Amino acid sequence: MSRAFISVICLLLMSSSNSIHAQQVMPLYPGEIPNSKASVDKEKSEMGKDGILRISNVSIPTLSIYKPDKSLDKGAAVIICPGGGYKILAASHEGADVARELNKWGITAFVLKYRIPNDTTMQDKSIGPLQDAQRAIQMVREHAAEWNIDPQKIGIMGFSAGGHLAASASTRFGEALIENPKNTSLRPDFSILIYPVISFMDGITHRGSRENLLGKNPDLKVLEKYSNELAAGPNTAPAFLVHAGDDASVPVKNSIVYYEALLKHKIYSNMIIYPKGGHGFGMKNKTSNVLWMNQLKDWLSDSKFL
């Protein structure tokens, strides 16, 4: 099937409602995918025994739109980047499930199936995911009127390595890695970072994410460029951060150093640190009765994004 014609319309029955919601899966790029090599599509989706849908070998990126009921629509949008260490995408509990929950708040949600870094499918694997995140922001902003979205209420959300991608989109928006003939703003208006990989510096980073994106022995200057606590500035998007203090995969210091950088630049942000919960808990940390999603909703409302 041609990459330019991967558009599928399907119907999803919302478990909490009797209403039917249309989900449209759209190709991220209308023609040739930038920074790509001719290759065989080896994408694979597997449902684990833990109930998590994992997608691997993504070389053809897509954007799936989840629309709320018209009666609830607040005109806000969130682009969701699932985690997976830049090796796979945890597409259910860090993707589609979150999109459906955001729909209940009146938010139009988009799940980004971004490319997995791979030397066989990309000319430069280090920029592929960020190209896709920038293109998703560009696409949503340019179609804002069509989708009933306020172009100044477009946020990006990421889990784990998807959090690194969302933070990179929030700090490196001035570095356009895609064609942008309309000079559309590539800056997200806010970011939601859940147990995110923020830094690629030794002693903080999640080494697997770093190696999958940059290789085994990246130069120090490259590590600094891809460490978002160092890239943050006065125009960085406001952030809502969630982490667990006992996270053994992605140390909580990732969220802490980013929050400190945002404070330095007087960026309005919020951080929740659970004492326990580990990594990858999605929307519900089972070790606590504190629901970070409820606090996120309040933060979005207080920030006038909802």
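FYI, it's all coordinate maths here, none of it is from the lab. Everything numeric here is computed off the predicted structure, so don't read it as measured data. Note: ideal-geometry Cβ built from the backbone for every residue, glycine included; neighbour counts use all protein chains shown.
Values as computed for the structure displayed
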read-out: Sequence ranges 52-58, 35-41, ranked by mean other-Cβ count within 10 angstrom, highest first; value: 52-58, 35-41
read-out: The stretch 201-306: trypsin sites (Lys or Arg not before Pro) in DSSP loop, at most 14 other beta carbons within 10 Å; value: Lys216, Lys266, Lys276, Lys284, Lys286, Lys304
read-out: Most fluctuating residue given options Ser160, Ser199, Ser269, as computed from a GNM of the chain linking Cα atoms under 10 Å; value: Ser269
read-out: Cα gyration tensor shape for the stretch 17-94, rounded if a/c is under 1.5, else prolate or oblate; value: oblate
read-out: Residue of His243, His164, His279 that the Gaussian network model of the chain assigns the largest fluctuation, springs spanning Cα pairs under 10 Å; value: His279
read-out: GNM flexibility winner over the chain from Leu130, Leu223, Leu193 (Cα, springs under 10 Å); value: Leu223
read-out: Where Rh is the Kirkwood radius over Cα pairs, Rg/Rh for the stretch 3-302; value: 0.93
read-out: Rounded Å value of the spacing that divides the Cα centres of the stretch 83-112 and the stretch 155-174; value: 14 Å
read-out: Cα-projected label distance for Gln123 with Met293, points at 7 Å along beta-carbon direction, nm; value: 4.2 nm
read-out: Rough spin-label spacing in nm, given labels placed 7 Å along Cα→Cβ, for Ser71 and Lys44; value: 4.5 nm
read-out: The chain - percent relative contact order, Cα under 8 Å, separation 6 or more; value: 14 percent
read-out: Rounded, prolate or oblate (a/c below 1.5 giving rounded, otherwise prolate when a/b exceeds b/c) for the stretch 38-151 by Cα gyration tensor; value: oblate
read-out: Computed [θ] at 222 nm, deg cm²/dmol, the chain (DSSP H ≥ 4; -39,500 (n - 2.57); rounded to nearest 500); value: -7000 deg cm²/dmol
